[in-house]
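Worksheet: one structure, shown below.
What follows is calculated from the coordinates using simple rules that are stated; it is not laboratory data. All values derive from a computational prediction rather than experimental measurement. Note that each Cβ is placed from the backbone with ideal geometry, even for glycine, and that neighbours are counted across all protein chains shown.
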Amino acid sequence: MGVRDIQKVGVLGAGIMGHGIAMSFVMEGFPVTLYDVNQGVLDVASHHIEEGLRLFADSGLLDHDRITPSLERLSTTLDLKEAVAESDFVVEAAPEDLTVKQELFERMEALCRPEAILASNTSSLTLKGIGQRVKNKGRLVITHWFNPPHIVPTVEVVKGEETTEETLDTAYDLLVRIKKVPVKIHGELPGFLVNRVQIAMAREILALCDAGIATPEDIDNAIKGSIGFRLASIGPLLTMDLAGLGLWLRVCENLLPEISSSTESPKALKELVDKGYDGIKTGRGFYDYSTDFTKEGLDEAIKRRDREFLGRLKNLYR
Ligand SMILES: NC(=O)c1ccc[n+]([C@@H]2O[C@H](COP(=O)([O-])OP(=O)(O)OC[C@H]3O[C@@H](n4cnc5c(N)ncnc54)[C@H](O)[C@@H]3O)[C@@H](O)[C@H]2O)c1
């Protein structure tokens, strides 16, 4: 199946990722049926999609007169068959639980068109595991989006052992068509590409927290205003080319023996988790949110973040 054959999309799971993925498709002209096991979640998802479309329009990334037609392309359901029977491309964004995903994929295959492509948004499971009971494994692929999925451009398109080139290419082309920036990953390396880099950085940052050489706020400011500032515009390998590879080689040789290569749970994180500090959800993490910690405050903080991200999307990608 080629990208031109894709007319309808199904999204399974309407949580943080599923609703944003559904929005990305309806905004670019695809009818989407969004499925969840909880009607309350579907109602909240529809509301968030409407708000998300307005934020896009207010940021100049979507004509205001495209909001209503986009919403009209969205339908929601508690019936899996309704979501997948007529879909040419299905994205699964259910909880990161192997049993739940295995069951969904098995049921999906029985209900879907034989040529439909079945994608998972898993962060850490493999297609071999998720698709264990699927007969035609050639049409399985991972499309790994980043939160907030309707805004962050990159989507990793990961080939499983049995994914066909046609499936990989069609998923890639479809994501280009909805204005995402897909990247093909030719093999199911744990953590794919981006999360491996993110975790490597997290290990060093948490080791620096343990060493107590700077406050959490200063660590955030240092990274945000230096490599973070640069990386939003130019990638890490281009950064090396621009500085000179000889210099990077010398710096690697000097510093690699000095930085953390620990495979233990980071102490800085473990101590906070053991105290019950789970970040914004509990009002305490590296920072203290206890003074402005309300549901409204959290919603407003997410909207502020999205407005800022949309400005960056407009400047750097559109
Ligand atoms: N949150 C992130 O930052 C992020 C980023 C990349 C990938 N992912 C991956 O995306 C997937 C979804 O994560 P999320 O953060 O959106 O989770 P979430 O908990 O916000 O949403 C999951 C949704 O799935 C629904 N659900 C439960 N059982 C289901 C079933 N049997 N069929 C269909 N829906 C069901 C739940 O009601 C919930 O609405 C996971 O695989 C996760 O690893 C998450």
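So here's what we get for this one:
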item	result
Angle in degrees between helix 98-111 and the longest Cα principal axis of the chain, rounded to the nearest 10	30
Percentage, to the nearest whole number, of Cα pairs in region 3-185 over 30 Å apart	10
For a label point 7 Å along the Cα-to-beta-carbon line of residue 96, residues of region 175-189 with backbone N under 18 Å	188-189
Between helix 165-177 and the chain: long-axis angle, C-alpha atoms, 0 to 90°, nearest 10	80
Residue 136 versus residue 241: modelled label distance in nm, points set 7 Å from Cα along the beta carbon direction	4.1
Eligible lysines near residue 275 by straight Cα distance, threshold 17 Å, same-chain separation 8 or greater	267
In Å, descending, principal axis extents of the Cα set of the chain	57, 45, 40
Kirkwood Rh and Cα Rg combined as Rg over Rh, evaluated for region 176-239	1.07
Those aspartates and glutamates that a straight Cα-Cα span of less than 15 Å connects to residue 179, excepting residues fewer than 8 apart in one chain	28, 156
GNM top mover of 264, 165, 72 - the chain, alpha-carbon springs below 10 Å	264
Residue-span extension gain [residue 200 to residue 288] - 0.36 nm each, minus C-alpha spacing	29.1 nm
Cα radius of gyration and Dmax for region 84-177 (Å)	12.2, 34
Whole-Hz couplings from phi, Karplus 6.51/-1.76/1.60, listed for region 194-199; x for Gly and Pro	5, 5, 5, 5, 4, 6
GNM result for the chain, Cα springs below 10 Å: residue of 73, 54, 304 fluctuating most strongly	304
Gain upon complete extension [residue 65, residue 181; 0.36 nm per residue less C-alpha separation]	39.2 nm
C-alpha long axis of helix 245-255 to longest principal axis of the chain, angle in °	70
Distance between modelled label sites at residue 43 and residue 128, nm, 7 Å Cα→Cβ extension	4.4
Among 49, 219, 67: highest mean-square fluctuation, GNM of the chain, C-alpha pairs under 10 Å	219
Full-extension gain in nm, residue 223 to residue 317, via 0.36 nm per residue minus C-alpha separation	31.6 nm
